[in-house]
């Protein structure tokens, strides 16, 4: 019998993937238009990319409305390989916000670097498509394809400064380690397929649960091996210790706006993937991965906070700080995974809020660092930011806001991320972990305040006033406003997170909540 | 009908700071005028509170309880309540809720007064980055007022932490030679204390939920459930609170940040730091630690440690002061000693000691604030604080020398001045519990006289030995104006403290009753209706209370 493949695709599939389709069209369009643009018109690529993000956002709003009209928690698409639910929509918004700000940050910067090519923006859009696949993947194959699309785009973006040796080195290092970890990850996925006979996460979960029940609540050694290899890949992508070594190098070498983009959007995508896989597919093994994560998170917080203390390069310092933030977020997952009551859901809430606030405050900090770059000044050492107050008072105060927010001082956005993580730990009785985490937060304050000290209390080495372009001002304004607004009135954002989690009715969440 | 006076007092400085943002930074005098007017306005808007509060000083206030699905007001401790619980961030149960009782009323008046005085005192001292300076100072003012007004634990925590930032910047930007070190030390030390406190707050929050099913940070609601936490948990929670507050006070082993911060901070920063910031620690003990954990603070071991640390602080601070060569450091260490009296008064846990402690906090704000102003005035003229550089100053600056003498006497606790009333009442409270405690603490009073009088002798008496000191100018009218309110307060409290004790009577008795339960104690023998003359004439009632009788489980 002849079966047309077309009958498996429905109209709703295309509606649900509308943002991805739009982004791809714009990315391809940029590649075409770029060939026709004269050198001093390269900013038009950025404008096109920005419009593309706006269109994708409009598409996403349409998806959200369609989901609401269908009165469904989720809509599977493309033969169950993808699932559009509130969780995915939340992350899609985050990716688009991160990409939009990164584009705004790049316009002037790439001009200064004399590397203003259309591919740059096309690659950003492609990587967002990959992220969207990762956040909405129900099928490990789609997740893997999304991961690779994002990763390959990022490898190129990291090495985009062709004439800069640091950028090349960073790109190569990231590529080699990234490919290696993807290989391990893929191996783990293949083991899961072997165990479950399917690549769908829901079926994997069912089979694993059945097998465990049949074996008297003992995990199959192969399942444990699969878990370890998959976890290795996931932990590499979120840059958790001991798989973090690539991050400081890649962050330092990459164009600064891309460093910002990687530390928020790419990281959020990796988190979305990690949450999907651990909470959905590998949920039956949570008795194994929770202790594993306890070890990883303590190691991550310790190593990253200690390493950050002595960094003198701003990008490297923020790289270590971003690793430290991963350590805190992992605590939320531990609180959730180890709880037998609905209380643990605060941990997942914490992770989602953390990623939201982190997107804005970290991009803001990177925007300030990006603006330090001039034709003859690289501007990413602590000495370069010294006396920034005398060169650009507004910017230095905004940077102070971002740094205090990163350190978790209320009433700024960053406090809420930490607050919900600590909340979930206290709620589930992890008092020792919580105490450890708050003590590391004090370390964090020290290295952030080193930057603030230099910026506000030292004399400028370089007296020239800083010029801020319009797009950079927009990027700074949006991130600072969000950091303050979420900090002072977080209610709507907490509600957005609760909405995206369906308040524990979500299939990816509900199963652990007995 | 709600009275919004507290919100107005709270946000006046912040509005002023926002206003200053729009003044160009070149017009320094305009900035100074605006900042001073805003600070004065901040003080003036708090004045109506005085008659209003006076009228209802013995009347019951309100508290919030959650009944039948909604928040209702019941008779309680707090007055001028502004806001409703759980309305700021309903999803976590945090609310914008302000309210005061006698204790916070006095501290708020102290804050608005000292805020104005210290802004007035910075007119000539601050010449660089003037605009920023006043903006941060006014933001700090709002943060401090918020700490004393918040009736929502979450709101309290936000103010408590947010206030660190402007203080850190004031020390770090306008401070002395080692300002970077001092600023970061201050920030890290105090943050370390408060992060563990956050965990303890969260524990109380979940405890309240598991008992009542309501998520809230409303203080009066938490008062109902927190004391019932079993001792083995409560002791840890108390320690977390203790760390946060003890660092702030600072109590003996946690005091090392204080000399650094004080010495490096600009004069006005020191005044606020000593006058108000340190009181947040003692206020925290009174407002949170005592009513939340009665079983812990009544435990004889815990109480012994607290009193022991206080007494060590009193004597150690005084001894170290005696040795100082730097005037500002001397005053800074004397704060450790004086704050030791305040914590002693808190942990003797009777109404005499507690009301003495609160009054002594006000006194310390007035006297030590003035001492820092005094040191700052000399520093501004000579740019040194070395005691050896001076001598015979009373010859060239007679007005200054007179004011200094009065303030020194007030700080060392001479009768008829404010310091005496506070210290005497604390010692009386300590004596009622244990004569040894009072006896040891008296050493601190003697040493205070020693280091202050010796300092006065070296700096002011004799002939002018250093030629650089011959041309020093006496106080300007502006500088005299900064001392006037402090002098008035010093004499007022010293001569007629009755109104202050009356204001404190209700909250202090309430707290002692909460802590001690129904145990018959010395509450009936409070001196609150006696004038200071009566107190001095009648010998303190020697009632020995079995300390550890209650609270052990």
Can you spot a residue in region A:187-197 that is assigned to a loop (DSSP other than H, G, I, E, B) and either surrounded by fewer than 17 Cβ atoms within 10 Å (Cβ to Cβ) or touching a helix residue (DSSP H, G or I) at 6+ places or on another chain (Cβ under 7 Å) (or both)?
yes
Scan region A:76-86 and tell me whether some residue there is buried (at least 23 other Cβ atoms within 10 Å of the Cβ) and part of a helix (DSSP H, G or I).
no
Residues of region B:208-233 being within 14 Å of chain A (Cβ to nearest Cβ), in a helix (DSSP H, G or I) and touching a helix residue (DSSP H, G or I) at 6+ places or on another chain (Cβ under 6 Å), which ones?
B:208
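Let's see how each residue does on (1) facing chain B (nearest Cβ under 7 Å); (2) at pLDDT 90 or above; (3) buried (at least 24 other Cβ atoms within 10 Å of the Cβ); (4) over 18 Å from residue B:189 (Cα atoms):
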| residue | (1), (2), (3), (4) |
| --- | --- |
| A:401 | no, yes, no, yes |
| A:405 | no, yes, yes, yes |
| A:432 | no, yes, no, yes |
| A:446 | yes, yes, no, no |
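Being crowded, with 24+ Cβ neighbours inside 10 Å, more than 7 Å from chain B (Cβ to nearest Cβ) and touching a helix residue (DSSP H, G or I) at 6+ places or on another chain (Cβ under 9 Å): is that true of residue A:425 here? Lay out the reasoning, then the answer.
Details: crowded, with 24+ Cβ neighbours inside 10 Å: yes; more than 7 Å from chain B (Cβ to nearest Cβ): yes; touching a helix residue (DSSP H, G or I) at 6+ places or on another chain (Cβ under 9 Å): yes.
Spelling it out, residue A:425 is indeed crowded, with 24+ Cβ neighbours inside 10 Å, more than 7 Å from chain B (Cβ to nearest Cβ) and touching a helix residue (DSSP H, G or I) at 6+ places or on another chain (Cβ under 9 Å).
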Of the numbered conditions (1) surrounded by fewer than 20 Cβ atoms within 10 Å (Cβ to Cβ); (2) over 24 Å from the mean Cα position of the chain (by Cα); (3) touching a residue at least 60 places away in the same chain (Cβ under 8 Å), residue A:119 satisfies every one except a single condition; which is it?
(2)
Looking at region A:306-313, can you tell me whether even one residue there is in contact with a helix residue (DSSP H, G or I) (Cβ under 9 Å, 6 or more places away or on another chain), at pLDDT below 95 and within 19 Å of residue A:233 (Cα to Cα)?
no
Restricting to region A:237-266, name every residue that is over 30 Å from residue A:117 (Cα atoms) and part of a helix (DSSP H, G or I).
none
For region A:466-496, give me each residue that is touching a helix residue (DSSP H, G or I) at 6+ places or on another chain (Cβ under 6 Å), within 14 Å of another protein chain (Cβ to nearest Cβ) and at pLDDT below 90.
none
Only one residue in A:438, A:442 is assigned to a helix (DSSP H, G or I), under 21 Å from residue B:181 (Cα atoms) and without any contact (Cβ under 8 Å) to a residue 40 or more places away in the chain. Which one?
A:442
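Would it be correct to say that residue A:286 is surrounded by fewer than 23 Cβ atoms within 10 Å (Cβ to Cβ) and in contact (Cβ under 8 Å) with a residue 24 or more places away in the chain?
Working: surrounded by fewer than 23 Cβ atoms within 10 Å (Cβ to Cβ): yes; in contact (Cβ under 8 Å) with a residue 24 or more places away in the chain: yes.
Yes: the conditions hold for residue A:286.
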Number of the condition not met by residue A:99 [criteria: (1) more than 21 Å from the chain's Cα centre (by Cα); (2) crowded, with 20+ Cβ neighbours inside 10 Å; (3) closer than 25 Å to residue A:355 by Cβ]
(1)
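Can you confirm whether residue A:440 is more than 7 Å from chain B (Cβ to nearest Cβ), crowded, with 23+ Cβ neighbours inside 10 Å, over 30 Å from residue A:43 (Cβ atoms) and in contact with a helix residue (DSSP H, G or I) (Cβ under 7 Å, 6 or more places away or on another chain)? Write out each step before concluding.
On the way: more than 7 Å from chain B (Cβ to nearest Cβ): yes; crowded, with 23+ Cβ neighbours inside 10 Å: no; over 30 Å from residue A:43 (Cβ atoms): yes; in contact with a helix residue (DSSP H, G or I) (Cβ under 7 Å, 6 or more places away or on another chain): yes.
Against the criterion (more than 7 Å from chain B (Cβ to nearest Cβ), crowded, with 23+ Cβ neighbours inside 10 Å, over 30 Å from residue A:43 (Cβ atoms) and in contact with a helix residue (DSSP H, G or I) (Cβ under 7 Å, 6 or more places away or on another chain)), residue A:440 does not qualify.
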The condition of being under 30 Å from residue B:7 (Cβ atoms), modelled with pLDDT of 90 or more and within 13 Å of chain A (Cβ to nearest Cβ) holds, among B:239, B:191, only for B:191
Please state which of the following conditions residue A:388 fails to meet, knowing it meets all the rest: (1) more than 9 Å from chain B (Cβ to nearest Cβ); (2) buried (at least 19 other Cβ atoms within 10 Å of the Cβ); (3) farther than 28 Å from residue A:104 by Cα.
(3)
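Matching residues to (1) under 29 Å from the mean Cα position of the chain (by Cα); (2) in a loop (DSSP other than H, G, I, E, B); (3) within 13 Å of residue A:404 (Cβ to Cβ):
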site	(1), (2), (3)
A:451	yes, no, yes
A:454	yes, no, no
A:463	no, yes, no
A:467	no, yes, no
A:473	yes, no, no
A:477	yes, no, no
A:480	yes, no, yes
A:487	yes, no, yes
Residue B:196 is checked against (1) more than 9 Å from chain A (Cβ to nearest Cβ); (2) touching a residue at least 24 places away in the same chain (Cβ under 8 Å) and fails just one. What number does that condition carry?
(1)
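The values are calculated or read from the model by the stated rules, or taken from the named source; none is laboratory data. Quick caveat: nothing in here was measured; it's all calculated off a predicted structure. Here the Cβ is made from the backbone with ideal geometry for all residues, glycine too, and neighbour counts use every protein chain on show.
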